[in-house]
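Presented below is the structure to which this report refers.
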Amino acid sequence: MQIWLWLRSVWIYIDQVELYKLGMALARDGELLPFGKLATGDLPIPGVLLEILIGLPLMAWLDLRASTLVLILFHLAAALILSRVLAKDFGWRLTTVYLAIFWLSPWRLFHSAFLWETNYLLLPAALHLAACRALRNEAKLGASALLAATLLLTAQMHGSVLILGLSCVFLLIRRRLCLHWGGVALGSVLGSISLIPTIMALIGGSGLPARPESAASLLTRLNSVEKGLVYWFRLSSLDVGRRFRQSLFCTEPGGGDTVPQPLLCHLGELTQILALASVLVSLAAGWWFFRRRRRPDESTESSVREWYRHYTLAMFLAVLVSASMSPVLIQGWHVLIALPIACLPVADWIAHRWPTAGSSLRAIIVLFVLWRIPASLLLLGHPMYAKPASPELPRHIAPTELRVLLPDSDRP
């Protein structure tokens, strides 16, 4: 499915144009720009990390899928790191359930094969968990350096780094994180290397002027907190919202270039119902996970499990607090960085309940996990992954300077 989505991602829409132009500045012109694309609020993203991540692959292969291939490698690396950390602490039974939920997640798969800065964030999230886990009881130089560098580098990709930063603050307050300040200093230096062009531009007075957006209203902020709460439980479910409703499989005759496919359209409608129901499973699992406490006489393994509960709670609170600080009404991509840890409560709940579950509960669990496959395949009908009715369609949409990146760019 991952490769299929990657091969189908041949469209360059508005959100991708600026990123590909940024990468082409390095690939074609050999120029490192001091700022990345504009973020929410029209504030420029500092550093050259995004340009390097997009431009270096284009230097090797002048195709829009070169950069998204690196994106897939980011997702693979995140899965490997998460599986290694969780298997060490919980064993392979829970880890296998977790990987099925995380890797087959429609949220992950949808954001895995087209260029968008938020789509890179699963690897920083995995590194954040690994570093914080290593610093649970002991201040370590290497893990502290990794944590600091991860935060600084992630800030050069997307503003949702605030979620990672706030979670560290909450863990420090709860004394669940022990930092080696020498390691923090080392990681800060390493993470700042890609900021040098930005710093030089600011010193030279050639920084990109910001166009600050007006402050969000109190109502917008409260709505963002509410949405952040809902998104947390949706992330581990099947519910990717409007992505199913936007499917071209349901296109009315004359409403587009894609031929409607009634069977797939009905399957999509069924999946929307199951997706909404799956949120209830995530909600029940989250309630169970957060209420579960370690008893004083329990083992060291339970102590580790308790740390994961605190870490998950810190990330949950960080999502809500950052949502209240957002200058715009938050959307799913603003909290995508929380996807890896949002999948843990439901994986732990399934691993705990499965041995004693009755046939009805087991059927619900199997449906919750395995329906991710048809749900994710239905994303092939989304405009981002839909097969063009004509090979020339993507070329007509893409700006002239980016058409060289499209497959079969030598066509007349």
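The values are calculated or read from the model by the stated rules, or taken from the named source; none is laboratory data. Since this is a predicted model, take the numbers as computed values, not measurements. FYI the Cβ positions are ideal-geometry reconstructions off the backbone, even for glycines, and counts take in every protein chain you see.
So the values come out like this:
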item	result
Residue count, segment 166-180 (criterion: in a loop (DSSP other than H, G, I, E, B) and without any contact (Cβ under 8 Å) to a residue 40 or more places away in the chain)	1
Residue in segment 5-23 that is farthest from V70 (Cα to Cα), counting only those that are within 19 Å of the chain's Cα centre (by Cα) and part of a helix (DSSP H, G or I)	D15
Filter result for the condition that a residue is basic (K, R), outside any helix (DSSP H, G or I) and touching a residue at least 40 places away in the same chain (Cβ under 8 Å), over R108, R136	R136
Matching option when the condition is over 30 Å from Q272 (Cα atoms), buried (at least 23 other Cβ atoms within 10 Å of the Cβ) and modelled with pLDDT of 95 or more, among L172, L146	L146
Any hit, segment 332-346, residues being in contact (Cβ under 8 Å) with a residue 12 or more places away in the chain and farther than 30 Å from N223 by Cβ	no
Enumeration of residues in segment 240-260 that are at positive phi and modelled with pLDDT of 85 or more	G241
The listed residue being without any contact (Cβ under 8 Å) to a residue 24 or more places away in the chain and either under 28 Å from L22 (Cβ atoms) or touching a Ser or Thr at 6+ places or on another chain (Cβ under 7 Å) (or both), out of G159, G205, G187, G191	G205
Single match in A87, A100, A113, A77 (criterion: in a loop (DSSP other than H, G, I, E, B) and either surrounded by fewer than 18 Cβ atoms within 10 Å (Cβ to Cβ) or in contact with a Lys or Arg (Cβ under 9 Å, 6 or more places away or on another chain) (or both))	A113
Hey, R108 at pLDDT 95 or above and either acidic (D, E) or surrounded by 18 or more Cβ atoms within 10 Å (Cβ to Cβ) (or both) or not	yes
Tabulated pairs, segment 21-35, first closer than 15 Å to P57 by Cβ, second surrounded by fewer than 20 Cβ atoms within 10 Å (Cβ to Cβ) and at pLDDT 90 or above, C-beta under 6 angstrom, 6+ apart or interchain	A27/M59
Single condition Q2 does not satisfy, out of (1) under 16 Å from the mean Cα position of the chain (by Cα); (2) buried (at least 22 other Cβ atoms within 10 Å of the Cβ); (3) not aliphatic (A, V, I, L, M)	(2)
Flag for R372 being within 20 Å of I3 (Cβ to Cβ) and out of contact with any Asp or Glu (no Cβ under 9 Å at 6 or more places or on another chain)	yes
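To keep it simple, each residue is scored yes or no on (1) over 30 Å from L344 (Cβ atoms); (2) assigned to a helix (DSSP H, G or I); (3) within 21 Å of the chain's Cα centre (by Cα); (4) modelled with pLDDT under 95.
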| position | (1), (2), (3), (4) |
| --- | --- |
| A25 | yes, yes, no, yes |
| L33 | yes, no, no, yes |
| L53 | no, yes, yes, no |
| P57 | yes, yes, yes, no |
| S67 | no, yes, yes, no |
| L71 | no, yes, yes, no |
| L82 | no, yes, yes, no |
